[in-house]
Structures are given as C-alpha cells and as structure tokens.
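Let me begin by presenting the structure, written as structure tokens, before commenting on it.
The values are calculated or read from the model by the stated rules, or taken from the named source; none is laboratory data. Predicted model only: the values in this text are computed from it and were never measured. Backbone-built Cβ (ideal geometry, glycine too); neighbour counts: all protein chains shown. In case anyone asks, the SASA skips ligands and DNA or RNA and just uses the protein heavy atoms, side chains included. Shrake-Rupley method; radii C 1.70, N 1.55, O 1.52, S 1.80 Å.
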Amino acid sequence: MADTADVWALSDLATPWCLRVAVTLGVAEHLARGTTKIDDLAREADCDADSLARVLRHLVDRGVFEEPAEGEFALNDAARVLVEPGALRGNLGLDGWGGRIAGAWSGLLTAVRTGRPAYEKVFGLPYWEDMDAHPHIAASYDAQMSEGGRAVPDPAVLIDGGWEDVRHVVDVGGGTGAMLAETLRAHPHLRGTLVDLPRTVARSDEVFASAGVADRVTVSGQSFFDPLPAGADVYLLTRLLLDWPDDQAVALLTRCAEAAAPHGRVVVDGCVSPGRTPPRGGLMVMILTGGKARNLDQFSALAAEAGLTVTASGTAPSGRFIIECRPS
Ligand SMILES: C[S@@+](CC[C@H](N)C(=O)[O-])C[C@H]1O[C@@H](n2cnc3c(N)ncnc32)[C@H](O)[C@@H]1O
C-alpha cells in the first residue's frame, strides 16, 4: 500500500530534470574520457562547478554516477548506459527534440482543462509548425524516430498472407526510411515508396544507400493529407495514427483508401490496442498535437468513415498489434 513518502517519491521532478541536464552537458561522455574532477568536468561542460556538483550528487543518491572521493565523480553501470549510442541520449538531451518533449509536460494541465493540445501555449507555435520553424529540432525529431524505426522492421507485418505477392509498398509517414530500408532488404523482389515531409525524406538517401536498396526506392516529399502515390499493393502506417485527432486520422486513412483502391491494402502497425478495453498511453501526443491512442473498435469506426474495412488483425512477433484494411 502506498504511503505519503511513496507519493512524494512519485511526484519528484528533480531526478528527471537532473538526468536531462547531465545528459545535455555530456557528463557521462566526459567521465568516459577520463575527466573526473568537478572543476575539470565543469570546464569541459561549460557550466558552473558548484551547481553541477549538486546536480550530480542528487543523481549519485538516486543510483546514477558515483562520487568515490569528494569532488570526483565516476561512471557506474546506470551512468554507462548514457554513453551508449541510441535513442536514450537523444530523448533526454534538452538541446534538441528531447527539450521540447520535457518542456511540453508543463502543458499537461492546459491540455486536460481544455481538451486541446497545449504545445502552442508552451512553445508559441503548434507542434508541426514549430518543427517547420526550427530545423535543428526537426532534425533531432527525425533522428529519434529513425532510432525507433530501426528497431521495428517486422517481416511478419503482413498478417493476411506473406510478402511474396506484394510488389510495391508505400511507407506513409515513414520518416527517414529506416523501416522501409529494412523491409526492402528482407524482401529483394519488393519496390518501395517513402512518403514523408520534404525535409524528412531529404535525409533518407544515406539510409537507403547503406541498406543497398536505393535502386528499388522512390521518395515522395509531400504531406500525407494530399493525394498519395496510387496503385501500390500495401500502404504501411507505422506508429503514425497516435499523432492525430480523429478528424485528421480519418483524412489520412481516406488518402490511403483512395490510393489503395481497388486492390491494395492498408496496414496499420502500432498505436492501436486489441479489443475494446480503454487504450492506455498517448499522454504526450495529447499535449503535443491532440492525438490519441485507440482500441480496435475505435479504429474500425474511423476506418469505416475513411472507406476502409478491417479484414484482419493480430499481434506480430515484435509484440505490436497489426491491423489490415481494404477499401470498402
Ligand atoms: C511518429 S513518426 C513515425 C515515423 C515512422 N513511421 C516510424 O515508425 O519510425 C511520424 C512521421 O510523420 C511525419 N509527418 C508528420 N506530418 C506529416 C504530413 N503532414 N505529411 C507527411 N508526413 C508527416 C513526420 O515527419 C514523421 O516522420
């Protein structure tokens, strides 16, 4: 049973912020390179030594970093994770997209009071416009999505039959192409089209080249609310619908239905939970864009509005719930 101390611990904001500050200042990297004394650390991180020491001692008390001698810090197992390449550092660093995500939480009360996204109130522009206005934040967002996307190529994503009969797949909102590249690499007979915003597809060349699939890919830098490349066999929507409120989710699915008609399929990978139970998660997108998590019943209703019928659904080896639809 939780007591007052447990609730205080749950409400702690110091630890999440201290972690982010340490990551942003690159403390773990400085330690890994052998800089251990607080004055040297502060000089390399370009910050105030006393303040940094206080932040690091808070983290030491929470099990991240060690202070083997007064004023001298060291990595421990938890801190070593911060040196590893991957999504963690990008998500925690306050200079890029991680800073937007951290700061956006201050809009939660507004989002709950109004039922509307609160990002503009916090940062001055709606989420996607803010990305347009700040190229380094957008680049950091694309990099984070790409880290996540790389982890998920799921050869079994097609639940109704395999990839053998598929000739052409369109990855709608496919980011910088990490997942499409892996899918094409796994299926040498397949052609692919990447659809995403122009600034994002502009970062895909290297992804496709290093996967050795560039000759089987076309890219379309466009909004997915505009007509999509038509006539492909499969339109893939990975981790996408969560970002959008119902009316825009229907608009996006409608573009897919139009492009897939009459024989193509629309495959939704992630962001929908099976069955009818109230979906969990999606709090961040509630603040950012007004998006939401949905269950299969809720998704099926939106799909029907968009002219799609759910024809199959199931859980892939990745653990993600996949839904397949066909134009009604
Ligand atoms: C959550 S990410 C998912 C990326 C990718 N499917 C994945 O799983 O890694 C959402 C993607 O939608 C793209 N996006 C947002 N608005 C868009 C629009 N209007 N038209 C095309 N792409 C858009 C973003 O650039 C981003 O790449």
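Key figures
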item	result
q = 0.19, 0.29, 0.31 Å⁻¹: log10 I(q)/I(0) that the Debye formula gives for segment 95-147, counting C-alpha atoms only	-0.63, -1.12, -1.18
Degrees, to the nearest 10: 135-150 long Cα axis against longest axis of the chain	70 degrees
The chain, helix-only ellipticity at 222 nm - DSSP H runs n ≥ 4, -39,500 (n - 2.57), divided by all residues, nearest 500	-12500 deg cm²/dmol
Apportionment of accessible area to carbon and sulfur, segment 90-147, percent (1.4 Å)	57 percent
More than 38 Å apart - percent of Cα-Cα pairs taken over the chain	24 percent
Under 15 Å, Cβ to Cβ, from Thr277 - net charge with Lys/Arg +1 and Asp/Glu -1	+3
Heavy atoms of Thr4: accessible area, 1.4 Å probe, square angstrom to 10	100 Å²
4 °C / 1.567 mPa s Stokes-Einstein diffusion coefficient of segment 154-236, Kirkwood radius on C-alpha pairs, µm²/s	103 µm²/s
Along each principal axis, Cα extent of segment 13-157, largest first, Å	50, 42, 26
Rounded accessible area of His189 (nearest 10 Å², 1.4 Å probe)	70 Å²
Peptides ranked, highest mean first, by Cβ atoms within 10 Å: ranges 17-26, 236-245	236-245, 17-26
